[in-house]
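Here the structure is laid out as C-alpha cells; the discussion comes afterwards.
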Amino acid sequence: MPELPEVQKYKQYIDETSLHQPIKEATIKNEKILENINKADIENHLRTNTITQTTRFGKYLFLSLKTDSWLVLHFGMTGNLKYFSNINEQPAHTRLLLSFVNNHYLAFDCQRLFGLVTVTSNINEYIKNKKLGPDALTIKKKEFMDNLSNRTGKIKTILLNQHIISGIGNIYADEILFQSRIHPETQINNLSKDHIQSVFSHISFVLQTAIEHDADISNYPQTFLLPHRRNDNLCPLNKNHKLSTVKISGRTTYYCPYHQLKP
Ligand SMILES: [Zn+2]
C-alpha cells in the first residue's frame, strides 16, 4: 500500500515523465475512482491542459495544472502510475488515462479502487476539508508533541491516524516503532516524553531513509525491520529473535518481542 515514501517516488516519476506535456485526451475508465466530480467534467478539464508542477502532502499527490487547478491522486491500497508509449502496454486496471500530444500515455492504475481522483482549485482547503494532520516529513517537534498530548490509545493506532499526522501507513509505522524500540501496543499515556521524542525523530529518519532508497524495501539498511517482515521473520539485530505479529486497528503488525518490550 503506497505510503509517504512511495507517493514521493510517484511525484518524482511524474516530474521525470509528464511535466509540461500538453494533454490531448483524458479518459476515466471507472467512475468509482472519482471524488465529487463527474466523468465528463474531469475529462473536459484535463483535455488540452498541462501538468506544470507536483506537490505531495501525506499520501496525496497534487498535480498543478496550467488552469490554476490541481489534479488530486490518492493511491489507496493498490494505486500505481505508468508512463508508456505503446497503448498495448496499458496496465490492466487503468482508471485514468492521460494521452499526451507527444504520443505517450500516463495511466493511473488501481486494481482495488480504494484510490481516488479529483480536481481542486485550492490545496489548502482540500487538506482542511479532509481534516488531514501535518505532513509526517515536515511536522515540527512542538506540533507533534502538542498533537499527541491528551490522546489515548495505542501508539501504533495514533501513528496511523491521518488526522493526527499524514503519510504513515501500516508498514512504516512498524519500522518507526522498531527503530524507537517501542512495543506497538503501548498506550500513548504510558510513554515518557523521551519515548515520544524518540518516535518523533525516528519518523523523519525512517521516511527519509526510505525516500533515499527509492522506497525499494529490498535496499533498506541491514538494521531495518521491513526487509524481514513477511520474509525470514527474524529481527535484523539478532537472528535468535523471531518477529511476532499482532492485529492493531485491523492491521497486521510486526515487532521484535525482545527489542520492543511490552510496557
Ligand atoms: Zn530483536
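The values are calculated or read from the model by the stated rules, or taken from the named source; none is laboratory data. This structure is a prediction, so every number in the text was calculated from the model and none was measured. Glycine gets a Cβ as well: all are built from the backbone with ideal geometry, and neighbour counts include every protein chain shown. Calculation scope for accessible area: heavy atoms of the full protein, side chains included, ligands and nucleic acids excluded. Shrake-Rupley method; radii C 1.70, N 1.55, O 1.52, S 1.80 Å.
Under 19 Å between alpha carbons, and skipping anything fewer than 8 positions from Lys130 in its own chain: which lysines qualify?
List returned: Lys32, Lys59.
Please calculate how many Å² of accessible area the stretch 4-47 carries per residue, with a 1.4 Å probe and no DNA, RNA or ligand atoms counted.
Working: 2300 Å² over 44 residues.
Dividing the accessible area of the stretch 4-47 by its residue count gives 52 Å².
Classify the stretch 200-263 as rounded, prolate or oblate, taking a ≥ b ≥ c as the square roots of the eigenvalues of its Cα gyration tensor: rounded when a/c is under 1.5, otherwise prolate if a/b is larger than b/c and oblate if not.
Numbers: a/c = 1.62, a/b = 1.36, b/c = 1.19.
Judged from the Cα gyration tensor, the stretch 200-263 comes out prolate (a/c at least 1.5, a/b above b/c).
Tell me the per residue accessible area of the stretch 63-155 using a 1.4 Å probe; a whole number in Å² is fine. Intermediate values should be presented prior to the final figure.
Values: 4640 Å² over 93 residues.
On a per-residue basis, the stretch 63-155 sits at 50 Å².
Need the list of lysines near Lys66 for cross-linking: C-alpha distance under 21 angstrom, and skip anything on the same chain fewer than eight residues off.
Lys11, Lys24, Lys39
May I ask you to list the lysines whose Cα is less than 16 Å away from that of Lys142, ignoring any residue fewer than eight positions away on the same chain?
Lys193
Given a cut-off of under 8 Å on Cα pairs at least six residues apart, what relative contact order in percent is computed for the chain?
Details: 487 pairs, mean separation 44.9, N = 263.
Here the relative contact order equals 17 percent.
Ignoring the sites themselves, what is the longest stretch of the chain with no chymotrypsin sites (Phe, Trp or Tyr not before Pro) in a DSSP loop and at most 16 other beta-carbon atoms within 10 Å? Walk me through the numbers before you get to the answer.
Working: sites that count: Phe114, Tyr258.
It runs 115-257.
From the C-alpha coordinates alone, can you work out the Kirkwood hydrodynamic radius of the stretch 22-158, in Å?
Working: mean 1/r = 0.0609 Å⁻¹.
Every distinct Cα pair counted, the radius reaches 16.4 Å.
Answer with one residue from His20, Thr138, Asn44: the one whose Cα lies farthest towards the positive end of the charge dipole of the chain, charges on Cβ with Lys, Arg +1 and Asp, Glu -1.
Thr138
Got a number for carbon plus sulfur as a percent of the chain's accessible area, 1.4 Å probe?
Numbers: 5660 of 12390 Å².
Carbon-and-sulfur percentage of accessible area, whole number: 46.
Evaluate the chain: find the radius of gyration of its Cα atoms, find its Kirkwood radius, and give the ratio Rg to Rh. Before the final figure, lay out the partial values.
Working: Rg = 19.9 Å, Rh = 19.6 Å.
Using only Cα positions, Rg/Rh for the chain is 1.01.
With the cut-off at 1.5 for a/c, could you classify the stretch 111-219 from its C-alpha gyration tensor as rounded, prolate or oblate? Write out the running numbers ahead of the final one.
On the way: a/c = 1.79, a/b = 1.28, b/c = 1.40.
Note, shape of the stretch 111-219 comes out oblate.
Write down the accessible area per residue of the stretch 210-263 in Å², having rolled a 1.4 Å probe over the full set of protein chains. Don't skip to the answer; put the middle values down first.
Details: 3190 Å² over 54 residues.
With the other protein chains kept in place, the stretch 210-263 gives 59 Å² per residue.
Build a GNM of the chain with springs between Cα atoms under 10 Å: which of Ile203, Ile158, Ile217 gets the top mean-square fluctuation?
So, out of Ile203, Ile158, Ile217, the one fluctuating most is Ile217.
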